[in-house]
1. Taking the condition more than 8 Å from the ligand (Cβ to nearest atom) and at pLDDT 95 or above, does A29 pass?
2. Just one of (1) closer than 20 Å to L114 by Cα; (2) within 9 Å of the ligand (Cβ to nearest atom) trips up A22, so point out which.
3. Got a number for residues in region 61-83 being part of a helix (DSSP H, G or I), crowded, with 17+ Cβ neighbours inside 10 Å and more than 10 Å from the chain's Cα centre (by Cα)?
4. I'm trying to understand the selection: among the residues of region 1-60, which are in a strand (DSSP E or B) and surrounded by fewer than 21 Cβ atoms within 10 Å (Cβ to Cβ)?
5. Out of the residues in region 91-130 that are of a type in the set (K, R) and within 15 Å of the ligand (Cβ to nearest atom), which is nearest to V69 (Cα to Cα)?
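The values are calculated or read from the model by the stated rules, or taken from the named source; none is laboratory data. Note that the structure is a prediction, hence the values are computed from the model and not measured. Cβ: placed from backbone, ideal geometry, glycine included. Neighbour counts: every protein chain shown.
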Amino acid sequence: MIVVERATEEDLLPLFEIDRAAGHPERAAELEEAVKTRRAYIARDQDTHLGFAVIKRDFFGYPFIALLVVHPDYRRRGVASALVAYIEKTCPADRLFTSTNLSNQPAQALFERLGFSRSGIIENLDDDDPELIYVKRLKRD
Ligand SMILES: CC(C)(COP(=O)(O)OP(=O)(O)OC[C@H]1O[C@@H](n2cnc3c(N)ncnc32)[C@H](O)[C@@H]1OP(=O)(O)O)[C@@H](O)C(=O)NCCC(=O)NCCS
């Protein structure tokens, strides 16, 4: 069963390992800062760490999912969906933003499947690979 929680210092090594396996060995300091400031979420199944997400709290005043990474061995099992569902549930705002590169078809398919809509494009971040912004309006009780 996939369980999502806010990540703690004890999750740091697994976070580094997932990011390294996904091709990003260079983000350790960023992940450490995210855990310290309580902006990181970890998905696990018992003792196995499956994936993580990092949010930023101020994308033009709104929460923004900045990183969403699932270990390559555990993809297409609902891990990213579980992380996003947890972030939505605990989101203090009425909308949640995220983004991905134009070249990233899996992420675009994921965000569309989870009910996000396109909300603009930012050029000139990565060369020749625009950043697509997505938003989801959240229903509040
Ligand atoms: C994108 C990513 C986070 C998806 O994680 P995941 O745990 O595999 O996603 P889920 O299992 O929750 O997928 C839910 C749905 O999204 C869509 N989807 C996810 N990955 C897909 C892919 N590779 N191709 C097509 N559709 C995909 C499907 O509709 C899927 O449902 P299905 O498996 O029943 O068809 C993962 O591939 C990843 O870590 N990629 C590298 C990092 C990245 O690109 N992050 C996102 C941008 S910050």
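1. Considered against the rule, which asks whether it is more than 8 Å from the ligand (Cβ to nearest atom) and at pLDDT 95 or above, A29 comes out as yes.
2. Result: A22 passes all but (1).
3. Adding up the residues that qualify gives 3.
4. Scanning region 1-60 gives V3, E5, R6, R44, D45, T48, H49, K56, R57, D58, F59.
5. Among those residues, the one meeting the criterion is R113.
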